[in-house]
């Protein structure tokens, strides 16, 4: 079995197994990226004084959610990662909002698609492209360049990406 993603004349195909390996690398690269952010501290302090400005409380709120997410992902076996990401995100809209807050909402978009037939919307394409631009320094897999071109094509032409 293989996956083929297409937008206009741009396309990429690989085996389903390699697609999952790629997505797993994206997940781990996202975790690495998140851990470099100054606002994400793995030693999160849950006590926020009531006098703390709302904006700071919001940062602490997102920080707490993303830390739990990172800790959960680090415990999961590789072969279960993609399904677990989708499961965690669908169980909690707060997690999706948190990923969006940190500009990595494309992680959910990338993982939450049927690998046989489907589409990435223009919005999905933008989110995935934004994710790739954030995590590129952490990615070893060279396929990201070819895959990224498809999402750029989608953004530029305002057309969806087809998954077959």
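The values are calculated or read from the model by the stated rules, or taken from the named source; none is laboratory data. Because the structure is predicted, anything quoted here is derived from the model rather than measured. Don't worry about glycine lacking a Cβ; one is built from the backbone with ideal geometry, like all the others, and counts go over all protein chains shown.
A few points about this structure:
- The criterion of at least 2 residues that are surrounded by fewer than 19 Cβ atoms within 10 Å (Cβ to Cβ) and either at pLDDT 85 or above or in contact with a helix residue (DSSP H, G or I) (Cβ under 8 Å, 6 or more places away or on another chain) (or both) is met by the following helices (runs of 4 or more DSSP H) wholly inside region 52-164: 54-75, 81-91, 93-101, 122-135, 143-157.
- Taking the listed residues 8, 13, the one that is modelled with pLDDT of 90 or more and in contact with a strand residue (DSSP E or B) (Cβ under 7 Å, 6 or more places away or on another chain) is 13, with no other qualifying.
- Residue within region 112-130 that is within 22 Å of residue 17 (Cβ to Cβ), without any contact (Cβ under 8 Å) to a residue 24 or more places away in the chain and over 16 Å from the mean Cα position of the chain (by Cα) present: no
- Yes/no for residue 49 being modelled with pLDDT under 80 and either surrounded by fewer than 16 Cβ atoms within 10 Å (Cβ to Cβ) or in contact with a helix residue (DSSP H, G or I) (Cβ under 6 Å, 6 or more places away or on another chain) (or both): yes
- Of all the criteria given as (1) within 17 Å of residue 33 (Cα to Cα); (2) touching a residue at least 60 places away in the same chain (Cβ under 8 Å), the one not satisfied by residue 143 is (1).
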